[in-house]
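Only one structure is covered here, and it is reproduced in the block below.
The values are calculated or read from the model by the stated rules, or taken from the named source; none is laboratory data. Quick caveat: nothing in here was measured; it's all calculated off a predicted structure. In this analysis, Cβ positions are derived from the backbone assuming ideal geometry, glycine residues included, and neighbour counts consider all displayed protein chains. Surface accessibility is based on the protein's heavy atoms, side chains included, excluding ligands, DNA and RNA. Shrake-Rupley method; radii C 1.70, N 1.55, O 1.52, S 1.80 Å.
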Amino acid sequence: MKEGNNSLLNLLQQNWGYTSFRPLQEEAVTAVREGRDSLVILPTGGGKSLCYQLPALVMEGMAVVISPLISLMKDQVDQLTSRGIEAACLNSSLSPNDKMAVDRQIKDGQLKLLYVAPERLLGGSFLTYLKQFPISFFAIDEAHCISQWGHDFRPEYRALKILRKEFPEVALHSYTATATQKVRHDIVQQLGLPDPEILVGSFDRPNLHYSVARSGKKKEKLLQLCGLVERHKGESGIVYCISRKSVEELAKALNDNGYRAIPYHAGLEDEPRKRAQEQFLNEKVDIIVATVAFGMGIDKTNVRYVVHWGMPKSIEHYQQESGRAGRDGLDSDCLLFYSIADLITWKRILVDLEPEHQRIAFTQLEEMESYANTTRCRHRYLVEYFGQAFEKEGCGACDLCLGNIETNPDSLVIAQKILSCVIRLNQRFGVKHTIDVLRGSKAARVIQFRHHELSTYGLLEESPASHVEDWIAQLCEQGFLSRNDEHKTLFVTADGNDVLKGEKIPRLVQFESPPIEAFIDDSWEGVDTNLFAKLKELRTRLAAEEKIPPYVVFGDAALRDMGRKRPSTHRSFLMVEGVGKKKKEKYGDLFLEAINNYCEKNGLEMDIFTRSPKSPIKLKPIMNGTKQKAFDLFGRRKNVEEVASQIERASSTTRGYLAEYLDAEKIIDPTPWIDGALHERIGNTIERVGMDRLRPIFEDLGGEIPYDQIRVSVTCWKNRDAANESSQS
Ligand code: ADP
Ligand code: ZN
């Protein structure tokens, strides 16, 4: 077994030039080799193709890969043949001569992989034809197309169940990036897999840097977009718009500003549409501005950013579209512009749906809205949305974790004002009216209901409406407020009541600063960028000669690694990430010559193999200055009042920092902040009532001890328990 895997690793190294498997690839390959049916779920860029390509190489016979898209097949076949692996596809785009050539290859037993569309496989007598040859296995790509619950149901995929009947001895393997339980179940059912190996990968894409910008004026938006494009000069990016009109407008604006951008949408004729796609793939233009019509089956691995100029209509769409960035595992940016106006646009577009579908569509929109308004980590949000746990504390790769968005120090007080206002309004009014009352508006509706007489009238007079609106959205996202399904009126949840009592503290933030500057991209570490640019030119030239996309010659990761390691010999060239035997033979001389020349001319050291580009170091989230100062003062055991006055913040805010400090530093002794005897007393109470919730403790103590003192004590007791546990194990 061990030996078997060792040789798999050798195959990976020799043919692909990769040094290790990505998560679950090895398991997936093993399932194929053992002939056990499988369902493999990996996110976009997770490396699904390798799961069947690698075993196909070593198994007897020919693997048949079922794939829905011609462009996808062609790309994969190009990639395989460039690695010296015998592969071909059969589809309607082939000429009769080409078809005959493929038939010949099959008959000669040369092919290791054959790609076909489902229509072709099941149409005519193709299955009978296939039966003459040894088939190693069937691989079904984009397997979610089988399921009605998937976002891309294709009826012809349903008919694939016939494979089990016609080829009872041949294993079926299916691959998709779609996560939901329902779809998974459906695939297994439809294909008739009795006991498949099911492998579900993590949905986190740590190399994608997510950020959300509030979209204000178009001009500011464009400025922000250009800032991002500027940082990725000469690299590929996709910008998604909701409407064809904005595609056209934006493509023009980008060109006017000196960037090479091309529009793409379903309203274009076939010819210009195809040309746009090709120019993007062949890197004749950097930016494609497109509607969602663009992207299915685009395998380009070096897309460095995906921007959503308008908000997508669901998290699934967002995940899929933004997921087209960074398939090669290198750091990439995903920026979403969010505005209420987009929400309204979508609602208008979706208005014609049947009631049932409309309800689902609106819920999905709300989830998208909630993503934009979350104040926690965006990676966490997405991963949890797809039903997985997010283990890390912060991701180091989203606008929220990178900390350039500060928590409002008065979060608790502001939240309490908003929540009490909602209660004073008898929880019968929507967002807009609530904002009006809080800001002391004289709108007719306010006066008519005599809401200007409420005690909460004008409590947030000083704050701009857009802030109040954001805060309400944040309270909804954090579960302190909710909206009634039917009339969208606001009401306070049980957790919201805890906020009113000061038992829970929400996090309110202002999204003002442009969030795109803070991501420090360390995948360039050690890379000579001029050399990289030279090698890229060489790549483009070779690709044009061979009529294949540049990234098929070498991916960005390989070129950067060349610019980093600067190999001088064929032997050391093989140590570059993504260089296998075949590619070394084919391109080695040319690339080595370019590298040698450059290094000689610039006096650069060569053959540098010290640091592996793998496991890039991620920055720790930056704490805001005030909080850092508070932590330092607490470390010197200053009390709350003293710290509050030094950092010039309300004592409620300071107590919030104290709680975070105790938790972060795992403090056991709370005595500078509460009395030792009281701490013991609370300890006794905890013995009786537990410490999951503060309220029972508060009540048990006769309702006299303030919550924040209880919180300090409980945190320290918890820390002590944790310390005891870890010392025992
Ligand atoms: P998916 O189909 O899951 O979206 P692909 O199969 O297109 O992903 O793979 C994405 C990229 O990752 C490709 O460039 C592929 O060559 C690369 N890749 C796959 N496996 C590995 C690996 N083990 N090490 C490094 N790169 C890999
Ligand atoms: Zn994060």
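Taking every residue in segment 353-378 that is acidic (D, E) and pairing it with any residue that is away from ligand 1 (no atom under 16 Å from the Cβ) and assigned to a helix (DSSP H, G or I), at least 6 positions away or on another chain, the pairs with Cβ-Cβ distances below 8 Å are E367/I315; E367/Y385; E369/L343; E369/A473. State whether the residues of segment 315-322 include one that is open to solvent by less than 20 Å² (accessible area, probe 1.4 Å), within 22 Å of G46 (Cβ to Cβ), of a type in the set (S, T, Y) and not in a helix (DSSP H, G or I). No, segment 315-322 contains no residue that is open to solvent by less than 20 Å² (accessible area, probe 1.4 Å), within 22 Å of G46 (Cβ to Cβ), of a type in the set (S, T, Y) and not in a helix (DSSP H, G or I). Looking across segment 367-397, the residues that are more than 9 Å from ligand 2 (Cβ to nearest atom), open to solvent by less than 10 Å² (accessible area, probe 1.4 Å) and within 17 Å of S322 (Cα to Cα) come down to M368, Y371, A372, L382, V383.
Tally the residues that are among the hydroxyl-bearing types (S, T, Y) and modelled with pLDDT under 90, restricting the search to segment 582-621. So the answer is 3. Considering segment 139-153, and only residues there that are over 18 Å from I298 (Cβ atoms) and modelled with pLDDT under 80, the residue that is farthest from ligand 1 (Cβ to nearest atom) turns out to be Q148. Tallying residues that are without any contact (Cβ under 8 Å) to a residue 40 or more places away in the chain, exposed (fewer than 15 other Cβ atoms within 10 Å of the Cβ) and not acidic (D, E) within segment 154-172 yields 3. Kindly indicate whether any position in segment 142-150 is crowded, with 21+ Cβ neighbours inside 10 Å, at positive phi and assigned by TED's automatic domain parsing to the domain that holds G192. Yes: one or more hits. List the helices (runs of 4 or more DSSP H) inside segment 429-486, counting only whole elements, that have at least 1 residues being open to solvent by 20 Å² or more (accessible area, probe 1.4 Å) and touching a residue at least 60 places away in the same chain (Cβ under 8 Å). The helices (runs of 4 or more DSSP H) meeting that bar are 465-477. In segment 397-418, the residues that are on the phi > 0 side of the Ramachandran plot form Cβ pairs under 7 Å with partners that are open to solvent by 30 Å² or more (accessible area, probe 1.4 Å) and near ligand 2 (Cβ under 10 Å from one of its atoms), at six or more places apart or across chains, as follows: G403/P621.
Could you tell me whether any residue of segment 543-560 is over 20 Å from D299 (Cα atoms) and of a type in the set (D, E)? Looking for residues that are over 20 Å from D299 (Cα atoms) and of a type in the set (D, E), one finds at least one in segment 543-560, hence yes.
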